[in-house]
Each structure stands twice: as structure tokens, then as C-alpha cells.
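I have placed the structure first, in the form of C-alpha cells, so that the comments after it can refer back to it.
Just so it is clear, none of the values below were taken in a lab; they were calculated from the coordinates. Please read all numbers here as calculations on a predicted model, not as lab measurements.
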Amino acid sequence: MANTERLAALQKVRVARNAVQAARTKAGLTPEDQTALTKLFFDLDDLEDSLILEEIRDKVDSMRIDAKDLADVAGQVKNAHAALTKEAALVEDAAKAVNGLVQVVTAAASAGLL
């Protein structure tokens with residue numbers, strides 16, 4: 001799903017969830033209405049979480065690709081220009097830092113923290 005479409009869907013889900021939450025507090029609801037609204041609220045909340053996690057996974061995948069590309073370019077620069085070893089090392093360090101961030105975000109998402 002395209003980023004703009006996902007963000008638009010996320011916004012609509014949040015608006016709907018908030019409206020359902022407000023409806024749950026209205027006086028005079030039957031127990032069945034209250035149960036249905038509560039289920040709907042939690043379903044919308046789960047959907048919001050799924051959309052957010054999908055966005056995070058896409059970002060992690062993109063960062064992983066970027067880190068690999070950086071490491072590849074750094075290797076090419078190192079091989080082609082021995083005089084640029086300092087710059088290549090800095091780019092390699094940047095790639096390692098991005099990979100470290102990807103690992104942290106992936107672990108956090110797997111643990112349900114995101």
C-alpha cells in the first residue's frame with residue numbers, strides 16, 4: 001500500500017475509533033449496543049496498530065536496503081581508491097549504525113513495543 005494511502009486510511013480509522021469511543025459513553029445504550037460498540041472500538045484499535053506496524057516494517061525494510069547499499073558503495077570506494085579509506089570507513093560505520101537501528105526497531109516490533 002502506498003504511504004499516502006496508508007496514512008489516509010490510518011487517519012480515517014482514528015476518526016472512526018474516536019467516534020465509536022464517544023458513542024460508547026452515551027446514556028441509554030442497551031447492553032447489546034454497548035457490547036457491539038466495544039467490540040468495534042477494539043477492532044478499529046487493532047486495525048490502527050496493524051497500519052502503524054505495516055508502516056514501521058516498510059521503513060525497516062527500506063533502511064535495511066539503504067544500509068546494504070551504503071556498505072556496497074563503501075566497499076567499492078575502498079577497493080577503487082585506497083586514498084579514500086577514511087571516507088569509506090565512515091560510510092561503513094554509517095551503514096553499521098543503520099543496521100543496528102534496524103535490529104533495535106525489529107526487536108521492539110517483535111516484542112510488541114511498537
Long-range lysine pairs (8 or more apart or interchain), the chain, Cα under 21 Å: 10
With Rg from the Cα atoms and Rh as the Kirkwood inverse mean 1/r over Cα pairs, segment 3-110 has an Rg/Rh of 1.33
Please report, ordered by residue number, every helix of the chain (full DSSP H runs) that is 18 Å or longer along its axis going by C-alpha atoms and whose mean Kyte-Doolittle hydropathy reaches 0.5. 85-110
Please give the contour-minus-distance gain from Asp46 to Glu87: 0.36 nm per residue of separation, less the Cα-Cα distance, rounded to one decimal in nm. 10.2 nm
